Every structure is written in structure tokens, then in C-alpha cells.
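What follows is a set of notes on a single structure, which appears directly below.
Derivation of every value follows stated rules applied to the coordinates shown; laboratory data play no part. Predicted model, so just to flag it, every value in this text is computed and none were measured. Don't worry about glycine lacking a Cβ; one is built from the backbone with ideal geometry, like all the others, and counts go over all protein chains shown.
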């Protein structure tokens, strides 16, 4: 699109019924826009910015199908600015520089330019830097859309010059409003086809869309064409399910959803909630996550959160990993499910995890002292003459098999790192530690 083309909303209308339903049903006004009330309700920040024609550049961050592109086009239409749309997937630095040059010429002629960059997180740092001088001078008003956390994906210099607005997934009720509107709209929607839909069919589509309006409208259009092709004018729940085929799960194996869901799985296990643990594991596996990644994280849970309270948990999780490797999917998924249920119900202890963290802290904070002489081996005559091994007590030769001998460096003598809990097997370890301390104390008295 050139800088001087007609409004994108008008241009979209010219596509007529050839455009997908989701594109045809894009709202023209803020009053038609569904969702994002925290930004667009009267008096809310984004609505005020749009109504006051605030020229600030901005980033729209949110899941797919929440209206990021629609908002950008509505802003361009309301401000009568020229609208240029880029896809970071298809465009490179050469195209960016050319558009910047064209926008600068247009600015000298009094024309305003909004540059919309979809999936802006896919531009690398050099490409993002190319926008900076033009954004600073006000040559362009940049509107970026991203499904990824801008804090991680947008460079700091550009991010500091933009206002970030967070969009959220639409609720099922909001999706239902959009579906009913598309069914009744004879000009842009499916109204001219005379298609009706059962309420449970619409609910099925809304539920399976995962808050993605585009996905829901596309599924409705497929269902309508299936019904029309069969000489029927009603979308039933069965027909809707046929159109959907399979629920679309919002998940990016390298993005924030990846980390959010594995975090939810880990914290559900830690909180002894087997039902939630199974749910989050299922979400990851059904969305196509590498099952071996899940297996590795489950093993980590065994050593971090279960520890010596149930030491068999580690072996069970390693066995689940081997079963997954041996069986493959989907059969092997059940082994992971068995492991997370066991971990969730097992007694919990992070005592070893905490102890090792304290050890690492001391290693960083204290001098690297030499090994005490009595703990060193003395394989040569010289070493013996230098007192290597002198004073060492062989534990098997003393009563109770516990010697009254310090094994830490002098500056850390008496330091205690491991504090067992009273959970599971660790309760027995705590009793054993008390017994060892008592034996040592008696030897010192002797």
C-alpha cells in the first residue's frame, strides 16, 4: 500500500466477500470493538489516546486474535493518517529504509504516516534500530504488534519511546457476541446465507477458540460452508465440532507461554495438587511440546522439591523418562502423567536444594582455603614429612563409626548447611543427624 492510498477500512470493504469472514467483520468504530475494556472503555488510557489523536508510538502486546491489527487500522482511519502495514516475517532492512524515506517525504508535504509492524518481535536489533531516528523526529508513528513479551523481544531504546498496551484473550461471552454478530450481518457477515446456529454449536466454537476471535470466526465460516454445501441452513454442535477438528491451544514452544505453563506445572507439583499438575502437563503435551523437555523438568522437580523426603521419586522420574523414550508418544505420555501425580502427592523437602545454594554462596563469599592437612592423602615420603594425613581418624575404626574430626576448612568450621525436614524419609535422616551430633559430643567430653 502506498502512502496515499485510501483508508484501510474502506479498502478492506472493497474486497467484498472474497476476504475471510474474520477480515470482513473487523469493527469500523470503537463502539463495535469487542473486548479490552481495561484499555478502551470510556476514560481508559488507550481510548483517550485515540480520541485525543495522541501521536505517541505504541506497542500492542497480546495473544493472537485479540484485535491488535484492527486497533492499528482504526487509529489510522480516525486520524486520517496514511497507513503502511509491514509484516516482520516478510520484510527486511531494505524495505524498512525505503518506507522511512517515503514517510519523510510525505511529512514535508504535511501528510501523517502510521507504520504498523505486525510481529515486530521478529525484527532483529539492527532492524529495530532503523526505526529509532524516525520515531524520535516524529516522521512516523510506529505501532507494533507482538505476541511476545516486549521486555525481552523489543530493544530497550525503541521500547522507551513507545507506550506498551497489554491486550488480553477474549472471554467466551465476548466471542459469542462476535459469532452472533457475524451470523446476523447480511452486508459483511453470513446473514445473506440465511444460516442459523444452535446455541451449543456457538458455545463449542467459542470454547475451542482459546480467546482468539480470528480463529472463532474462521471456524464459524467453515461450519457455515459445510452446512450450505449439504443443503442445510443450521449449524449444529456436531457440525461445529467437525469444522473445528481440534482445539487450538495457545502455546509457543520458545515464547512466554512455554515458560508460563512449565512454571504452572512445577508450582502445582510443589503445592501437592495432582489435578492441576496433570492439567498443565496435558496442556504442554497436547500443544506439541517436546515430551523429553517435560521429562527433564519433571526430574528436576524430583530433586528440587521432593528431595530426600522421598528419595525414590528420582528413580521413578528417570524410569518415566526411559518409558517415554521406549514407547514414544502418545503411550509414553502416561508415564510422565504417572510421575507428576506421584511427585504432587509425595512428601516435600527442598532442604538439599537450600543447602546446596548456601554452599555455593559460601564458595563465592569466602576464600578458597586449602584442604586441611588431616584430610589429605600422603602417598609419598615428602607428603608424610609435611604432615599430610596427620591426625586423620578412620571412621570404621572408632566407636559408633563417627570420628570427632572437623572436615570443613577452618573459617567454616561448624557450619551447617543441610537442615532436614520432618517430612517423609527425611524425618529419619533428621534423627540420624541428631544421633551423629550426640556421638560427637560424647567423644569430646571423653
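Given N residues in the stretch 371-445, what is Rg(Cα) / (2.2 N^0.38 Å)?
Rg over 2.2 N^0.38 Å, computed on Cα atoms: 1.37.
If r is the Cβ-Cβ distance from residue 353 to residue 102 and R0 is 51 Å, what FRET efficiency results, to the nearest 0.05?
Computed FRET efficiency for residue 353 and residue 102 comes out at 0.35.
Mind running the shape call on the stretch 172-244? Use the C-alpha gyration tensor, a ≥ b ≥ c as the square roots of the eigenvalues: rounded below 1.5 for a/c, prolate if a/b tops b/c, oblate otherwise.
Oblate shape, in that a/c is at least 1.5 and b/c is the bigger or equal ratio.
Working only with C-alpha atoms, what are the Rg and Dmax values of the chain, expressed in angstrom?
32.0, 102
When 1/r is averaged over all different Cα pairs and the result inverted, which Kirkwood radius in Å belongs to the stretch 256-345? Spell out each step's value before the answer.
On the way: mean 1/r = 0.0798 Å⁻¹.
The Cα-based Kirkwood calculation yields 12.5 Å.
Pull out the extension gain between residue 186 and residue 440, defined as 0.36 nm times the separation in residues minus the alpha carbon to alpha carbon distance; nm, one decimal.
Computed gain between residue 186 and residue 440 is 82.6 nm.
With 10 angstrom as the radius, rank 56, 204 by how many other C-beta atoms surround their C-beta, starting from the fewest.
With the fewest neighbours first, 56, 204 line up as 56, 204.
Please identify, among 147, 66, 354, the residue showing maximal mean-square fluctuation in a Gaussian network model of the chain using a 10 angstrom Cα cutoff.
354
Taking the Cβ-Cβ separation of residue 111 and residue 172 as r and a Förster radius of 45 Å, what is the calculated FRET efficiency to the nearest 0.05?
0.60
Hey, what did the stretch 8-166 get for relative contact order, percent, Cα under 8 Å, at least 6 apart?
Numbers: 208 pairs, mean separation 44.5, N = 159.
Averaging sequence separation for qualifying contacts and normalising by length gives 28 percent for the stretch 8-166.
Out of 45, 311, 372, any idea which swings most in a Gaussian network model of the chain, alpha carbons joined below 10 Å?
The residue that fluctuates most here is 372.
Can you grab the distance from the C-alpha centre of the stretch 380-397 to the C-alpha centre of the stretch 324-371, Å, no decimals?
37
Within the stretch 289-308, name every residue whose backbone N is under 18 Å away from a label modeled 7 Å from Cα of residue 363 along the Cβ vector.
304
Using 0.36 nm per residue, how much length does the chain from residue 371 to residue 345 gain when fully extended, once their Cα-Cα distance is taken away?
My answer for the length gained is 5.2 nm.
How do 443, 381, 68, 125 rank when sorted from fewest to most other Cβ atoms within 10 Å of their own Cβ?
381, 125, 443, 68
Select from 80, 393, 128 the residue whose mean-square fluctuation is largest in a Gaussian network model of the chain (Cα-Cα springs shorter than 10 Å).
Its mean-square fluctuation being the largest, the pick is 393.
If neighbour count is taken as other Cβ atoms inside 10 Å, put 294, 162, 317, 407 in order from fewest to most.
Least crowded to most crowded, the residues run 407, 162, 294, 317.
Based on C-alpha coordinates, I'd like the Rg and Dmax of the stretch 56-181, in Å.
Taking only Cα atoms of the stretch 56-181, I get Rg and Dmax of 15.0, 47 Å.
For residue 312 and residue 156 in one chain, what is 0.36 nm times their gap in residues minus the Cα-Cα distance, to one decimal in nm?
Details: separation 156, 0.36 × 156 = 56.16 nm, distance 4.66 nm.
Between residue 312 and residue 156, full extension yields an extra 51.5 nm.
How much of the pair distance distribution for the stretch 167-289 lies past 25 Å, counting alpha-carbon pairs only, in percent?
I get 36 percent for the Cα pairs in the stretch 167-289 exceeding 25 Å.
Any idea how far apart residue 425 and residue 258 come out in nm if each label point goes 7 Å out from Cα toward Cβ?
Distance between the two pseudo-spin positions: 3.4 nm.
Relative contact order of the chain, please, whole-number percent, based on alpha carbon pairs below 8 angstrom and at least 6 residues apart. Write down the numbers at each step before the final one.
Working: 633 pairs, mean separation 49.0, N = 446.
Relative contact order, the chain: 11 percent.
So, R0 is 25 Å and r is the distance between the beta-carbons of residue 18 and residue 79; what FRET efficiency does that work out to, to 0.05?
0.35
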